[in-house]
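Enquirer: Pasting in a structure now, in structure tokens, and then I'll have a few things to ask.
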Amino acid sequence: MLRQYLVGAATTVCNIAIHALVMVAVIKVARIADELATSRQTLRLIAVMIATVTVLMIAHLAEVLVWSLIYVITSAAPAGTDLIYFAFVNYTTLGYGDVTPVERWHLLGPMTAMNGVLLFGWSTAVIFEVLRMTLMAGGNEGEQKRWWPG
């Protein structure tokens, strides 16, 4: 059981590191989208939000792939399982139940789900903060203020 905790914790820390690095990318991409966007507040907001959410979606995909790699390394799923599908079902807490981890790795599924819930929450907070800051920076139509660091 300790091995399951250690593998799950190490994978979770790896995914937290990925997500933290992506936060830097989100700020850079949002800044670029803001600079390239028109002065019209609505179009600026759309461009910044599309860029932000796209980067976050890529991060979540990378994190699912990390979990699927761990499932390969540990042989945590029954033979013949589509491990990316299995990781997505766990990470998103969808929980179809059509595939379950092998007995000696039962805790990896719930640990994957816990990791996904926390990182989705973090992403949601970032989306709302970028939205808030973009709205604050925009002011009136045609008037742009900068909130980006650097």
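The values are calculated or read from the model by the stated rules, or taken from the named source; none is laboratory data. In this text the structure is predicted, and so the values were computed from the model without any measurement. Methodologically, a virtual Cβ is constructed for each residue, glycine included, from the backbone with ideal geometry; neighbour enumeration extends over all protein chains shown. Surface areas here come from the heavy atoms of the whole protein model, side chains and all, with no ligands, DNA or RNA. Shrake-Rupley method; radii C 1.70, N 1.55, O 1.52, S 1.80 Å.
Enquirer: Can you tell me how many residues within region 84-105 are of a type outside the set (A, V, I, L, M, F, W, C) and either under 17 Å from Ile70 (Cα atoms) or touching a Pro at 6+ places or on another chain (Cβ under 9 Å) (or both)?
Expert: Residues that pass the stated criteria total 8.
Enquirer: Quick one: Val13 ticks every box in (1) over 21 Å from Ala77 (Cα atoms); (2) within 15 Å of the chain's Cα centre (by Cα); (3) open to solvent by less than 50 Å² (accessible area, probe 1.4 Å) except a single one, so which number is it?
Expert: All conditions pass for Val13, except number (3).
Enquirer: With the requirement that a residue be over 27 Å from Trp105 (Cβ atoms) and touching a Phe, Trp or Tyr at 6+ places or on another chain (Cβ under 8 Å), what does region 7-51 give you?
Expert: Listed by number, the residues that qualify are Ile27, Ala30, Arg31, Asp34.
Enquirer: Name the residues in region 96-125 that are open to solvent by 40 Å² or more (accessible area, probe 1.4 Å), touching a helix residue (DSSP H, G or I) at 6+ places or on another chain (Cβ under 7 Å) and under 19 Å from Ile16 (Cα atoms), would you?
Expert: If the condition is that a residue be open to solvent by 40 Å² or more (accessible area, probe 1.4 Å), touching a helix residue (DSSP H, G or I) at 6+ places or on another chain (Cβ under 7 Å) and under 19 Å from Ile16 (Cα atoms), then Leu107, Trp122 are the ones that fit.
Enquirer: Those residues that are assigned to a helix (DSSP H, G or I) and free of Cβ contacts under 8 Å to residues at least 24 places away in the same chain, I need them from region 10-41; list them, please.
Expert: Ala10, Val13, Ala17, Ala20, Leu21, Val24, Lys28, Ile32, Ala33, Glu35, Leu36
Enquirer: Pull up region 76-129, narrow it to residues that are part of a helix (DSSP H, G or I) and of a type in the set (Asp, Glu), then point me to the one that is farthest from Arg3 (Cα to Cα).
Expert: Glu129
Enquirer: Which one of the conditions (1) under 27 Å from Leu2 (Cα atoms); (2) surrounded by 15 or more Cβ atoms within 10 Å (Cβ to Cβ); (3) not aromatic (Phe, Trp, Tyr) does Ile73 fail to meet, given that it meets all the rest?
Expert: Unmet condition: (2).
Enquirer: Taking the residues in region 43-57 that are open to solvent by 30 Å² or more (accessible area, probe 1.4 Å) and either polar (S, T, N, Q) or free of Cβ contacts under 8 Å to residues at least 24 places away in the same chain (or both) as candidates, determine which candidate is farthest from Asn15 (Cα to Cα).
Expert: The residue in question is Leu43.
Enquirer: Does Ala87 satisfy the criteria of being small (Gly, Ala, Ser), at pLDDT 95 or above, closer than 28 Å to Val29 by Cα and open to solvent by less than 70 Å² (accessible area, probe 1.4 Å)?
Expert: When the stated conditions are applied, Ala87 passes them.
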